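Participant: One structure, pasted below without further comment.
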Amino acid sequence: MEFAIQVMHNSVPEHTDRADPKVGAVLAKEDGTLINFAYRGELRQGDHAEFTVLERKHRADKLDGCVLYATLEPCAPGARSVTKLGCAERIVNARIKKVYVGIEDPDPKVKGNGIAFLKKNHIEIDFFDKDLQEQILTTNNQFLKEAAERAKLAEQEDIEPTYTELDKALEGFELKDFSTDALEKFREKLNIKYSVDSADFKSVLRKWNIIRIDSKTQTTHPTGLGILLFGKNPQILYPQSLVKFTIKTQGQDKPKILDFDGPLVLMPNKIENYLEINFPKAIDRSSMARKEIKEVYFEVLREVIINAIVHRDYTIEQANINVKIDDEKIIVESPGKPLIPIEKLKDYSAPTFSANPKIANVFYQMQFIEKRNMGMEELHHYADTMGVNKPIIEYDEPYLKVTLFKKAEAKKEIGKNDIIEFVKERGKISTGDYAEQFGGSTKTAVRALNALVNEGVLDREGEKRGTKYFLKK
């Protein structure tokens, strides 16, 4: 990955009137042995790095099982020119086993399609580390800015093929099914000069894959993506797109239940207004005298909820985003297995990738995500700022769950039965699982668990960090 970034800096620009992306590609054997590398425009102006390394340098070679590292998402079929194969197609044809991707394609109509095509063809996908991803973004800053601006222009372009259900046109829906308020919010946030009822604005929506125009009949239909983001009643088609709040505080006979519905692009303001009106009353009944503490609390909660809306798996039916609030904690449940290994989420080192790159792009351009630079780092520091237990991030199928603690838990003696019940519930646990459940250091967990091993209550397997504890039969 580091070498691909080093190679990226050698890229040769194609245009004089606009910035071109700097892209590096490294080809290696599965064991990490370097085969070759390439950068954009290395052998011929405008040639993509993946094309250069696969076709120009190794066209006649057998590359089955090799690994490719690309700093930019490989382009999908039809994304660049109908006469040329996309880089993702060339990767599939070369029988590459795995691809590491640096950043997603910035083009809103393409974003995520290269990755989706590779996955569809059973190629493993992994991502560059977060610090390396930031280097790529910094180097390509001007190109990314210009690409975002070009996306607002009403230029007619062919739409790429569909690779996900959300990319497909919905025959039973029409433009009148869009919320004018939602479209106006999009236009305002992106500073688009065209009116929402103009042909030019329709072209912008087409470019963002919000609508599709049938080339034969010239009829226009919203896509699934469009209905989710801008539909008047997206929950008719996607009932799983509700955000459900359950609030139970001390003294309440019944929990307070609230459902947030409507187009996704209007949800952030709805939820934020609710939190502002009810914060801290509906969220925390304890006193919070310091304004900066209240601000951090609000912003972290807001960011976790908005990220759940953006990154959840909308193909999972019967599963909504759940926000469960009580006097001690807040749990946000987001349907879908994370693309990033759970370990990277737990240690706050996860790079920025989404199961819904086009939704993520709309929310980013509308300044809904990382609105105040509130990302994984701020979640990491949340516990220290608030003086509470660290947030817990876990995957409990089908939900990715984030637990935020609202106040420090009182120290209590952990009884033998508490540990036994926890092990019984989980089947097997590690010292890390113990520490997350009961608090304390890993050393404390080792002592407590080994004491039960010595008593003959628990057994263990594995060594060092891989040790697992379970009930002795």
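Participant: Quick one: pull the percent of accessible area on the range 27-107 belonging to carbon and sulfur, 1.4 Å probe, ligands and nucleic acids left out.
Facilitator: Values: 1560 of 3640 Å².
Solvent-exposed carbon and sulfur of the range 27-107 make up 43 percent of the total.
Participant: Report, in degrees rounded to the nearest 10, the 0 to 90 angle that the Cα long axis of helix 376-386 makes with the longest principal axis of the chain.
Facilitator: On a 0 to 90 degree scale, this one is about 30.
Participant: Separate question: In debye to the nearest 20, how big a dipole does the range 60-185 give about its Cα centre with +1 on each Lys and Arg Cβ and -1 on each Asp and Glu Cβ? Show your work: numbers first, answer last.
Facilitator: Working: 18 positive and 25 negative charges, 97 e Å.
Dipole magnitude for the range 60-185 comes out near 460 debye.
Participant: Continuing with this model, one more query. Just name one of ASN233, ALA355, VAL300: the one whose Cα is farthest towards the positive end of the charge dipole of the chain (beta-carbon charges, Lys/Arg +1, Asp/Glu -1).
Facilitator: VAL300
Participant: Just reorder GLU299, GLU425, GLU328, GLU30 by solvent-accessible area, largest first, 1.4 Å probe, all chains present.
Facilitator: Numbers: GLU299 5, GLU425 140, GLU328 75, GLU30 120 Å².
The ranking, largest first, comes out as GLU425, GLU30, GLU328, GLU299.
Participant: Got a sec? Charge dipole of the chain, +1 on Cβ for Lys and Arg, -1 for Asp and Glu; which of THR180, ASN191, MET1 is way out at the positive end?
Facilitator: Toward the positive end, the furthest listed residue is MET1.
Participant: Hey, any idea what % of the range 315-473's accessible area is carbon plus sulfur with a 1.4 Å probe?
Facilitator: Working: 4120 of 8960 Å².
Carbon and sulfur: 46 percent of the exposed surface of the range 315-473.
Participant: Which angle from 0 to 90°, rounded to the nearest 10, does the C-alpha axis of helix 442-454 make with the longest principal axis of the chain?
Facilitator: So the inclination is approximately 60 degrees.
Participant: Further question: How fast does the range 173-231 diffuse by Stokes-Einstein, in µm²/s, taking the Kirkwood radius from C-alpha pairs at 25 °C and 0.890 mPa s? Spell out each step's value before the answer.
Facilitator: Numbers: Rh = 11.5 Å.
Translational diffusion coefficient: 214 µm²/s.
Participant: Could you sort HIS380, HIS122 by accessible area so the largest value comes first, with the probe set to 1.4 Å? Walk me through the intermediate numbers first.
Facilitator: Details: HIS380 70, HIS122 165 Å².
Correct descending sequence by accessible area is HIS122, HIS380.
Participant: Can you compute the FRET efficiency between ILE213 and ARG95 using 1/(1 + (r/R0)^6), with r the Cβ-Cβ distance and R0 = 35 Å? Round to the nearest 0.05. Could the numbers behind the result be given before it?
Facilitator: Numbers: r = 36 Å, r/R0 = 1.04.
It comes out at approximately 0.45.
Participant: Continuing with the same structure: Given +1 on the Cβ of Lys and Arg, -1 on the Cβ of Asp and Glu, and no further charges, what dipole in debye does the chain carry about its Cα centre, rounded to the nearest 20?
Facilitator: 560 debye
Participant: Hey, another quick one. How high is the relative contact order of the range 1-126, in percent, with contacts defined as C-alpha pairs under 8 Å that are six or more residues apart? Could the numbers behind the result be given before it?
Facilitator: Details: 263 pairs, mean separation 25.8, N = 126.
Result for the range 1-126 is 20 percent.
Participant: Oh, and also: Per residue, how much accessible surface does the chain expose to a 1.4 Å probe? Answer in Å², no decimals.
Facilitator: Working: 23900 Å² over 473 residues.
On a per-residue basis, the chain sits at 51 Å².
Participant: Please find the FRET efficiency linking PHE298 to ASP326, where r is the Cβ-Cβ separation and R0 is fixed at 22 Å, and quote it to the nearest 0.05. Let's see the in-between values first.
Facilitator: Working: r = 17 Å, r/R0 = 0.79.
After rounding to 0.05, the efficiency reads 0.80.
Participant: Suppose a student asked you for the relative contact order of the range 28-96, using Cα pairs under 8 Å spaced at least 6 residues apart; what percent would you report? Walk me through the intermediate numbers first.
Facilitator: Numbers: 78 pairs, mean separation 20.1, N = 69.
The value is 29 percent.
Participant: Taking θ = phi - 60°, what integer Hz values does the Karplus form 6.51 cos²θ - 1.76 cosθ + 1.60 yield along the range 2-13, in sequence order, with x for Gly and Pro?
Facilitator: With the stated coefficients, the range 2-13 comes to 5, 5, 4, 5, 4, 5, 3, 5, 8, 3, 9, x Hz.
Participant: Can I ask one more? For a quick check of understanding: with a 1.4 angstrom probe and all protein chains in place, what accessible area in square angstrom does SER179 have, to the nearest ten?
Facilitator: 20 Å²
Participant: Please compute the net charge surrounding ARG40, taking Lys and Arg as +1 and Asp and Glu as -1 over other residues with Cβ under 11 Å from its Cβ.
Facilitator: Values: positive: LYS22, ARG44; negative: GLU14, ASP20, GLU42, ASP47, GLU50.
After counting each charged neighbour, the total is -3.
Participant: At 1.4 Å probe size, put ARG447, ARG40 in order of accessible surface, largest to smallest. Display every interim value, and only then the final one.
Facilitator: Values: ARG447 150, ARG40 25 Å².
Correct descending sequence by accessible area is ARG447, ARG40.
Participant: Counting only C-alpha contacts under 8 Å and six or more residues apart, can you give the relative contact order of the chain as a whole percent? Please list the in-between numbers first.
Facilitator: Numbers: 824 pairs, mean separation 43.2, N = 473.
Relative contact order of the chain: 9 percent.
Participant: List the pairs from LYS202/LYS358; LYS346/LYS390; LYS111/LYS176; LYS416/LYS468; LYS428/LYS464; LYS120/LYS401 whose alpha-carbon separation is above 20 Å, in the order I gave them. Write down the numbers at each step before the final one.
Facilitator: Values: LYS202/LYS358 17 Å; LYS346/LYS390 10 Å; LYS111/LYS176 26 Å; LYS416/LYS468 17 Å; LYS428/LYS464 15 Å; LYS120/LYS401 27 Å.
Over 20 Å apart, Cα to Cα: LYS111/LYS176; LYS120/LYS401.
Participant: Relative to the longest principal axis of the chain, what angle (0 to 90°, nearest 10) does the C-alpha long axis of helix 291-311 take?
Facilitator: 50 degrees
Participant: Give the percent of DSSP beta bridges with both residues in the chain that are antiparallel, rounded to the nearest 5.
Facilitator: On the way: 40 of 54 bridges.
The antiparallel fraction comes to roughly 75 percent.
Participant: How would you classify the range 90-178 from its alpha-carbon gyration tensor, with a ≥ b ≥ c the square roots of the eigenvalues: rounded for a/c under 1.5, else prolate if a/b is greater than b/c, otherwise oblate? Intermediate values should be presented prior to the final figure.
Facilitator: Details: a/c = 2.35, a/b = 1.23, b/c = 1.90.
It is oblate, given that a/c is not under 1.5 and a/b is not larger than b/c.
Participant: If you don't mind, there's one more thing I want to ask. At 222 nm, what value in deg cm²/dmol follows for the chain if DSSP H runs of at least 4 each add -39500 (n - 2.57) and the sum is divided by all its residues, to the nearest 500?
Facilitator: Numbers: 16 runs with 158 residues, N = 473.
Computed mean residue ellipticity for the chain: -10000 deg cm²/dmol.
Participant: State to the nearest 20 debye the size of the charge dipole of the range 329-368 about its Cα centre, where the only charges are +1 on K and R beta carbons and -1 on D and E beta carbons.
Facilitator: On the way: 5 positive and 3 negative charges, 10 e Å.
Using Cβ point charges on Lys, Arg, Asp and Glu, the range 329-368 gives about 40 debye.
Participant: How much accessible surface does THR139 have with a 1.4 Å probe, in Å² rounded to 10?
Facilitator: Estimated to the nearest 10 Å², THR139 gives 40 Å².
Participant: Among LEU449, LEU118, LEU153, pick out the residue whose Cα is farthest towards the positive end of the charge dipole of the chain, where Lys and Arg carry +1 and Asp and Glu carry -1 on C-beta, about the Cα centre.
Facilitator: Value: LEU449.
Participant: Still on this model: Between rounded, prolate and oblate, where does the range 1-132 land on the alpha carbon gyration tensor, with a ≥ b ≥ c its root eigenvalues, rounded for a/c under 1.5, else prolate if a/b exceeds b/c?
Facilitator: Numbers: a/c = 1.28, a/b = 1.17, b/c = 1.09.
Rounded, because the longest to shortest axis ratio a/c is under 1.5.
Participant: On to the next question. Under 15 Å between alpha carbons, and skipping anything fewer than 8 positions from LYS168 in its own chain: which aspartates and glutamates qualify?
Facilitator: ASP158, GLU160, ASP214
Participant: Quick check on the chain: take the gyration tensor over C-alpha atoms, sort the square-rooted eigenvalues as a ≥ b ≥ c, and tell me if it's rounded (a/c under 1.5), prolate or oblate.
Facilitator: Numbers: a/c = 2.12, a/b = 1.30, b/c = 1.63.
The shape class here is oblate.
The values are calculated or read from the model by the stated rules, or taken from the named source; none is laboratory data. Note that the structure is predicted; figures quoted are calculated from it, not measured. Glycine also receives a Cβ, built like all others from the backbone with ideal geometry; neighbour counts cover every protein chain displayed. Please note that ligands, DNA and RNA were not included when accessible areas were found on the heavy atoms of the full protein model with its side chains. Shrake-Rupley method; radii C 1.70, N 1.55, O 1.52, S 1.80 Å.
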